[in-house]
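The structure under discussion appears below in the form of structure tokens.
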Amino acid sequence: MLVKTLSRSRTIEHWDAEDVDAWEGGEPPGKDVAKRNLIWSIFAEHVGFSVWSIWSVMVLFMPQDVYGIDAAGKFYLVAVPTLVGAAMRIPYTIAPAKFGGRNWTIVSALLLLIPTVLTLWVMNRPDSSYTMFMIVAAFAGFGGGNFASSMTNINAFYPQRLKGWALGLNAGGGNIGVPVVQLVGLLVIATVSNTAPEVVCAIYLVLIALAALGAALFMDNLGNQRSNLGAMGEALRFSHSWVMSFLYIGTFGSFIGFSFAFGQVLQINFLAGGDTAAQASLHAAQIAFLGPLLGSIARPFGGKVSDRIGGGKVTMYTFVAMIFAAGILVAAGMIDDGMAGPATGGQMIAYVAGFILLFILSGIGNGSTYKMIPSIFEAKAQGRDDWSRDEKAAWSRSMSGALIGFAGAIGALGGVFINVVLRASYVSDAKSATNAFWVFLGFYVVCAIVTWVVFLRVQTARVGAGEQVGRSPAPVPA
């Protein structure tokens with residue numbers, strides 16, 4: 001691996017992560033360069049996720065008698081950033097290769113100033129129209145795009161044998177931005193009350209500046225990184241690409257959708273139980289951050305286990321477990337629907353337990369599905385006997401990076417789906433989330449079946465999907 005860094009642009013002209021000797025003992029070792037970029041990529045993506053999910057916190061600062069927005073309106077308010085973030089992931093996927101991973105991390109971090117400043121401004125104007133709130137919330141979608149560029153960039157830095165752990169760590173560290181911003185909101189509500197949302201925004205203005213500065217000082221561009229719309233179009237010619245995008249709706253879509261909606265669902269139940277608006281906000285905030293936190297922590301472990309036994313197996317077992325977790329919510333909801341009064345303490349415990357399990361399992365599934373993507377294209381590249389080793393590696397990186405961004409965009413749409421289904425369930429005659437829980441359970445059944453049929457049913461499917469069952473893939477020799 002020839003590592004040549006230009007002093008002004010911090011560009012590494014040639015990067016070959018599969019060169020084991022240079023990875024372990026280069027000058028500097030390739031693993032140290034990759035680790036440094038991974039650390040600051042995680043931090044920048046972490047801040048991006050926090051800004052993307054900031055409206056899941058802002059709605060806890062918005063009592064209906066002050067802002068005039070009911071629960072149904074708030075579900076749309078948190079769904080809009082999810083939708084915009086999904087769309088932003090397509091252009092963000094190709095940005096690192098076009099502008100450089102370091103350069104784009106700086107730019108994408110600074111773009112987060114726009115939604116943060118706008119949120120601070122509109123939250124201090126409760127008489128603003130609902131349309132204005134929706135427009136401002138849409139700008140938070142910038143934070144959703146950061147995930148695609150960060151994952152595409154880190155995918156290029158790490159060898160195939162370590163991608164599951166590296167991508168899982170990068171994504172998990174970014175995902176933790178969701179519970180962290182919710183924890184910040186909790187601390188503000190607990191210490192100041194639910195009338196000071198500007199404090200949350202001010203904290204993130206500082207963190208955005210730190211992310212941009214850290215990227216400028218410590219990250220690198222890769223001169224031989226390739227990813228473009230043509231690569232994305234080529235990647236989508238493979239049926240496995242569409243299947244992976246569909247499965248990511250079930251894993252990441254669940255994570256981000258529940259992350260945005262969990263606090264709102266809890267707040268509705270606490271209000272139904274007799275809490276005041278301030279009490280409901282505090283009680284919801286005290287619990288809401290736990291789910292995204294545990295789901296984020298679980299993600300790198302999902303990738304690491306997949307490095308050992310195969311992403312397809314881990315993904316299928318995860319969906320089977322998610323069916324049972326959704327079943328807990330259905331059972332608790334059916335008992336709640338049959339009661340005249342508010343939910344009992346036992347039913348609230350069942351709701352929280354079901355959601356927490358879904359968060360953890362979706363985190364594991366996020367890690368396993370993103371391990372599967374580079375494995376699939378590595379397997380396909382090895383079948384091209386007329387290509388050189390370098391050509392195979394370059395094609396695999398390009399295809400993987402393109403699909404990581406596209407699957408991330410499609411998966412994020414699952415978050416929109418969850419919030420829309422929950423809203424429809426609450427405004428129905430039943431006025432509860434039980435119907436939504438049935439929909440989620442059915443979808444996980446479909447995901448489990450698809451995973452088994454496409455990736456695990458026969459040995460040829462496992463080979464074509466790059467499944468390394470029972471062992472870690474060996475490094476490619478230099």
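The values are calculated or read from the model by the stated rules, or taken from the named source; none is laboratory data. Just so it is clear, the structure is predicted and the values come from calculations on it, not from any experiment. Note that each Cβ is placed from the backbone with ideal geometry, even for glycine, and that neighbours are counted across all protein chains shown. These accessible areas exclude ligands, DNA and RNA; they are computed on the full protein's heavy atoms, side chains included. Shrake-Rupley method; radii C 1.70, N 1.55, O 1.52, S 1.80 Å.
Rounded to the nearest 20 debye, the dipole magnitude of the range 289-438 is 300 debye, with +1 charges on Lys and Arg beta carbons, -1 on Asp and Glu beta carbons, and the Cα centre as origin. Zone of residue 427 (label point 7 Å along Cα→Cβ, backbone N under 20 Å): which residues in the range 70-105? Inside the label zone: 70-84. Dividing the summed helix terms, -39500 (n - 2.57) for each DSSP H run of n ≥ 4, by the number of residues in the chain produces a 222 nm estimate of -26000 deg cm²/dmol to the nearest 500. In the chain, the ratio of gyration radius to Kirkwood radius, Rg to Rh, stands at 0.99 when only Cα atoms are counted.
The residues neighbouring residue 21, those whose beta-carbon lies less than 12 Å from its own, together hold a net charge of -4 under the Lys/Arg +1, Asp/Glu -1 convention. Accessible surface for the chain, divided over its residues, is 37 Å² per residue with a 1.4 Å probe. Each Cα pair under 8 Å and six or more residues apart adds its separation to the average, and for the range 190-292 the resulting relative contact order is 29 percent.
Membrane-span-like helices in the chain (whole DSSP H runs, Cα extent of at least 20 Å along the helix axis, mean Kyte-Doolittle hydropathy of at least 0.5): 71-99, 177-191, 197-218, 239-272, 311-337, 345-382, 389-427, 434-451. Its residue count N fixes a reference of 2.2 N^0.38 Å for the range 224-286, and the Cα radius of gyration divided by that reference is 1.91. Sequence-distant contacts, meaning Cα pairs under 8 Å at least 6 residues apart, place the relative contact order of the chain at 25 percent. Divide the volume of the convex hull around the Cα atoms of the range 1-101 by the residue count and you get 136 Å³ per residue. How much of the calculated P(r) for the range 178-306 lies past 21 Å, in percent of all Cα pairs? Distances greater than 21 Å cover 62 percent of the Cα pairs.
Ranked by the mean number of other Cβ atoms within 10 Å of their residues, highest first, the peptides 367-373, 129-135, 432-438 come out as 367-373, 432-438, 129-135.
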